[in-house]
1. Quick check on segment 73-91: of everything there that is exposed (fewer than 14 other Cβ atoms within 10 Å of the Cβ) and outside any loop (DSSP other than H, G, I, E, B), which residue is modelled with the highest pLDDT?
2. Would you check which residues across segment 105-116 are free of Cβ contacts under 8 Å to residues at least 40 places away in the same chain and either surrounded by 14 or more Cβ atoms within 10 Å (Cβ to Cβ) or under 15 Å from the mean Cα position of the chain (by Cα) (or both) and list them?
3. Do we find a residue being under 19 Å from residue 16 (Cβ atoms), free of Cβ contacts under 8 Å to residues at least 60 places away in the same chain and among the small types (Gly, Ala, Ser) anywhere in segment 48-69?
4. Hey, can you tell me all the residues within segment 1-59 that are of a type in the set (A, V, I, L, M, F, W, C), under 22 Å from residue 93 (Cα atoms) and surrounded by 14 or more Cβ atoms within 10 Å (Cβ to Cβ)?
5. Any idea which of 70, 94 is more than 17 Å from the chain's Cα centre (by Cα), more than 21 Å from residue 14 (Cα to Cα) and in a helix (DSSP H, G or I)?
6. Of (1) part of a helix (DSSP H, G or I); (2) on the phi > 0 side of the Ramachandran plot; (3) not aromatic (Phe, Trp, Tyr), residue 42 satisfies all except one. Which?
7. For residue 16, only one of the following conditions fails: (1) touching a strand residue (DSSP E or B) at 6+ places or on another chain (Cβ under 9 Å); (2) among the charged types (D, E, K, R); (3) modelled with pLDDT of 95 or more. What is its number?
8. Go through 132, 37, 32, 25 for me and flag whichever is touching a Ser or Thr at 6+ places or on another chain (Cβ under 6 Å) and within 30 Å of residue 6 (Cβ to Cβ).
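The values are calculated or read from the model by the stated rules, or taken from the named source; none is laboratory data. Treat the numbers as computed from the prediction; the structure is a model and nothing was measured. Cβ: placed from backbone, ideal geometry, glycine included. Neighbour counts: every protein chain shown.
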Amino acid sequence: MDSQCYCDLLRTAARKTTAIYDRHLAEVGLTLAQYKLLKKINCVGKLSISELAVACDLDRSTMGRNVQVLERHALVEETSCGDGRRCMVKLTELGRQRFAAALPLWQAAQSEIEATLNPDQITAITALSSAL
């Protein structure tokens, strides 16, 4: 008997959920992935790319590429470690402003998802995330 692939189901749900957040965040020119990076950096202040990669559960090379995109948009900047290398990432003033403008849009996306799913489904998502 064929059963549905759980990976396909989860990936479809993730794509649909991401699309909701991206639609809301587009108003300030951010994707959900960019918002999440700005949020992590905003919470800590300064992080190395390696620390940021661990915090976001991504490999360092992927994180490096993501940070480069944020740098090109002047939302983050790398600062020196003191030994001539650039190794810490922090928000720029524009990055702080964009993050602040994005927060209510992220909250609107959260509300849309909460209005779409019932409380048991929200609980199931949380439990599933923790279980895997």
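1. First, the residues of segment 73-91 that are exposed (fewer than 14 other Cβ atoms within 10 Å of the Cβ): 74, 79-86.
Retained after the next criterion (residues that are outside any loop (DSSP other than H, G, I, E, B)): 79-80, 86.
Numbers: 79: 84, 80: 71, 86: 58.
For segment 73-91, the residue satisfying everything is 79.
2. The answer is 107, 110.
3. no
4. Matches in segment 1-59: 25, 28, 30, 32, 33, 37, 38, 41, 47, 49, 52.
5. Details: 70 fails: more than 17 Å from the chain's Cα centre (by Cα).
Unique residue meeting the criteria: 94.
6. The one condition residue 42 does not meet is (2).
7. Evaluating residue 16 over (1) touching a strand residue (DSSP E or B) at 6+ places or on another chain (Cβ under 9 Å); (2) among the charged types (D, E, K, R); (3) modelled with pLDDT of 95 or more leaves (1) as the failure.
8. From the options 132, 37, 32, 25, the qualifying one is 32.
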